[in-house]
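The structure appears right after this line, and notes come after that.
The values are calculated or read from the model by the stated rules, or taken from the named source; none is laboratory data. These numbers were taken from a predicted model, which means no experiment stands behind them. Virtual Cβ from ideal backbone geometry, glycine too; neighbours counted across all protein chains shown. Ligands, DNA and RNA are excluded from the accessible area calculation, which covers all protein heavy atoms including side chains. Shrake-Rupley method; radii C 1.70, N 1.55, O 1.52, S 1.80 Å.
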Amino acid sequence: MSPTVTRMSPRERLDGVLPEIEIAALTPVLEEIEELKRSRNAVVLAHNYMTPDIYHGVSDMRGDSLALARLAKKTNAEVILMAGVHFMAETAKIVNECKTVLIPDMEAGCSLAEAITGADVRLLRERYPGVPVVTYVNTSAEVKAESDICCTSGNAVQVVESLDADRVIFLPDRFLGQWVASQTDIDIIVWEGSCMVHEQFSGEELHVYRDMHPGIQIIAHPECPPDVLEEADFVGSTSGMIQWVKTEQPRQVVMVTECSMSDNVAAEFPDTEFTQPCNLCPHMKRITLTGIRDSLRDMQHEVIVDPTVAERARASVERMLEVRA
Ligand code: 13P
Ligand code: SF4
């Protein structure tokens, strides 16, 4: 499905996604959110890991981290509500300083964003003078401000290759960095961060799936460990994985990523059987329908980025947005 959602009523959008009894129970809060969006001139941007009630029910636009950064820059709405984690809301603010950016829960963080600070990046630059710093968007604004360019899982290889350098520092995800290194001749120096959700998968558990379900297709996010990626038939960002299912129409597939992805996508591809395993991201799951309603109603949890930090971080994000993926 395209990143921009057609304007049907939440009820129509959830038809076939959730059981009728659940839709009926959720309808009052769904209607409140629709009314608040109208009165606040707000849009809800939702990451692919949101639960189906949010992803299908109230999002106006949705996608992976790259799509959300692009959509945040493009929207005419005065208020952006980020149904995602804090770094995504910060990125929306960085590319759109004059808009109000809200997040329903300030504690919706990310293990990768916590893995590195601006001071760490300055030390890396001292250790590797002249080596460009490529920073995954799953980082704080402060870290982006210390970087040369950002990337997402959807464009990491293209970003690294856009720099005309023999060697780059890649942070903070070591598995994504190692995967990029396997796709390019450029020498990659990685930081030791990892995603607490994707690092839990193992190649061994995937062997079991292959043995149990001959012909099953395995598609994985590049934040997974190398033994998982070696086992995968396709590696890509969350939106890349959705696009792959759309194009390939597999009979049976395992999406090696956060749980809600399969739930969201299964509703759109009824002919494909989605098999677990999956792991939940506790940060993403802090975002709820009632939290979205409260946030829009009370205009609460506004994301603010220090303007001098934002200006430097913006340069890194904008440079990334100019790279064709
Ligand atoms: P993408 O949606 O950009 O692939 O990122 C996955 C992720 O873990 C975001 O938190
Ligand atoms: Fe961070 Fe991993 Fe959760 Fe994404 S899934 S927000 S990378 S902890």
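Ellipticity at 222 nm from helices only: DSSP H runs of n ≥ 4 in the chain, each -39500 (n - 2.57), divided by the residue count, give -12500 deg cm²/dmol.
Just checking the listed ones, 182, 65, 239: in the Gaussian network model of the chain with Cα springs under 10 Å, the one fluctuating most is 182. Based on C-alpha pairs under 8 angstrom that are at least 6 apart in sequence, the chain has a relative contact order of 21 percent. Close amide-amide hydrogen proximity is noted between residue 62 and 4, 5, 46, each under 5 Å apart and 5 or more residues distant or on a separate chain (H modeled in the peptide plane; Pro and chain starts excluded). Among 197-207, 170-180, sorting by the average number of other beta carbon atoms lying within 10 angstrom of each residue, highest first, gives 170-180, 197-207. Each peptide in 90-96, 126-132 receives the mean, over its residues, of other Cβ atoms within 10 Å, and ordering these scores from highest gives 90-96, 126-132.
Volume of the convex hull of the stretch 97-177 (Cα atoms only), normalised per residue: 122 Å³.
What's the center-to-center distance, using Cα atoms, between the stretch 255-325 and the stretch 161-212 in Å? Spelled out, the Cα-based centre of one part sits 20 Å from the other.
For the stretch 3-52, the list of trypsin sites (Lys or Arg not before Pro) that fall in a loop by DSSP and count at most 13 other C-beta atoms within 10 angstrom reads 7.
The listed residues 55, 209, once ranked by accessible area (1.4 Å probe) with the largest placed first, stand as 209, 55.
Placing +1 on each Lys and Arg Cβ and -1 on each Asp and Glu Cβ, with no other charges, gives the chain a dipole about its Cα centre of roughly 980 debye. Based on C-alpha pairs under 8 angstrom that are at least 6 apart in sequence, the stretch 171-229 has a relative contact order of 40 percent.
How far, in nm, would the chain grow between residue 268 and residue 192 when pulled straight, counting 0.36 nm per residue and subtracting the alpha carbon separation?
Value of the extension gain: 23.7 nm.
Sequence-ordered 3J(HN,Hα) estimates for the stretch 59-69 from the Karplus curve with 6.51, -1.76 and 1.60 and θ = phi - 60° stand at 6, 9, 9, 8, x, 7, 4, 5, 4, 5, 5 Hz, glycine and proline given as x.
Among the listed pairs 74/99; 74/144; 37/99, those with a Cα-Cα distance over 18 Å are 74/144. Among 188, 304, 116, the largest mean-square fluctuation in a Gaussian network model of the chain, built with springs joining Cα atoms closer than 10 Å, belongs to 304.
Which sequence of 285, 246, 144 reflects their accessible areas, 1.4 Å probe, from the largest down?
Working: 285 55, 246 95, 144 0 Å².
Descending order: 246, 285, 144.
Isolated cysteines in the chain, defined as those with no second cysteine Cβ under 4.7 Å, comprise 98, 110, 150, 151, 195, 224, 281. When the surface is traced with a 1.4 Å probe over the full set of protein chains, residue 244 keeps roughly 30 Å² accessible. Taking each residue as 0.36 nm, the span from residue 165 to residue 20 lengthens on full extension beyond its C-alpha to C-alpha distance by 46.7 nm.
Want the number for residue 280 to residue 251: 0.36 nm per residue separation, take away the alpha-carbon distance, what's left?
Working: separation 29, 0.36 × 29 = 10.44 nm, distance 2.42 nm.
Using 0.36 nm per residue and subtracting the Cα-Cα distance, I get 8.0 nm.
Residues in the stretch 246-260 carry Karplus couplings, in order, of 4, 6, 7, 6, x, 6, 9, 9, 10, 9, 8, 6, 5, 4, 5 Hz; the curve used is 6.51 cos²θ - 1.76 cosθ + 1.60 with θ = phi - 60°, and Gly or Pro positions show x.
Projecting the Cα atoms of 225, 250, 237 onto the charge dipole of the stretch 219-259, computed from C-beta unit charges around the Cα centre, puts 250 farthest toward the positive end.
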